[in-house]
1. Cβ-Cβ distance below 9 Å, separation of 6 or more or different chains: which pairs start in the range 9-38 with a residue that is open to solvent by 70 Å² or more (accessible area, probe 1.4 Å) and end on one that is among the charged types (D, E, K, R) and outside any loop (DSSP other than H, G, I, E, B)?
2. So which of ALA6, ALA44 ends up being among the hydrophobic types (A, V, I, L, M, F, W, C), open to solvent by 30 Å² or more (accessible area, probe 1.4 Å) and in contact (Cβ under 8 Å) with a residue 12 or more places away in the chain?
3. For the range 69-81, what are the residues that are open to solvent by 40 Å² or more (accessible area, probe 1.4 Å) and of a type in the set (A, V, I, L, M, F, W, C)?
4. Report whether or not THR3 is assigned to a strand (DSSP E or B), in contact with a Ser or Thr (Cβ under 7 Å, 6 or more places away or on another chain) and not aromatic (Phe, Trp, Tyr).
5. Could you tell me whether any residue of the range 56-79 is touching a Ser or Thr at 6+ places or on another chain (Cβ under 8 Å), under 21 Å from ARG16 (Cβ atoms) and part of a helix (DSSP H, G or I)?
Amino acid sequence: NYTKEASMLTVAPEGRIDTLSAPELEKKLCEILDGVSELVLDMAKVEYISSAGLRIILKIQKLMLRQGKMKLIGVNESVMEVFEITGFSNILKIE
């Protein structure tokens, strides 16, 4: 699920971001990020993220740092715990 307005893109993944779903998310994001200077990942419907999902988010953030900025919104408690344990909460902009 995504909406694009000018150079701002909001993507709202759902369910689990794991070994099975992460490659599909990465492929879709890479296809639609051209010309985007602000990426918002709405994590409200993400119930689980694995190391594969963390790798994708890190890769996309590195890409977005070259062309603009990225932030995560709506992160639930269990996903936030993963971000905190892994140190991702220190390198990602989470609102």
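1. Note: pairs meeting the criteria are GLU14/LYS45; GLU14/GLU47; ARG16/GLU47.
2. Numbers: ALA6 fails: in contact (Cβ under 8 Å) with a residue 12 or more places away in the chain.
Criteria check complete, one pass: ALA44.
3. Hits for the range 69-81 are ILE73, MET80.
4. Details: assigned to a strand (DSSP E or B): yes; in contact with a Ser or Thr (Cβ under 7 Å, 6 or more places away or on another chain): yes; not aromatic (Phe, Trp, Tyr): yes.
Here the answer is yes, as THR3 does meet what is asked.
5. Going through the range 56-79, the residues touching a Ser or Thr at 6+ places or on another chain (Cβ under 8 Å) turn out to be 67-69.
Applying the additional criterion that residues be under 21 Å from ARG16 (Cβ atoms) yields none.
Checking the range 56-79: not a single residue is touching a Ser or Thr at 6+ places or on another chain (Cβ under 8 Å), under 21 Å from ARG16 (Cβ atoms) and part of a helix (DSSP H, G or I).
The values are calculated or read from the model by the stated rules, or taken from the named source; none is laboratory data. Owing to the predicted nature of the structure, the values given are computational and were not obtained by experimental measurement. So basically every Cβ, Gly included, is an ideal-geometry build from the backbone, and we count neighbours across all protein chains shown. Only protein heavy atoms, including side chains, enter the accessible area calculation; ligands, DNA and RNA are left aside. Shrake-Rupley method; radii C 1.70, N 1.55, O 1.52, S 1.80 Å.
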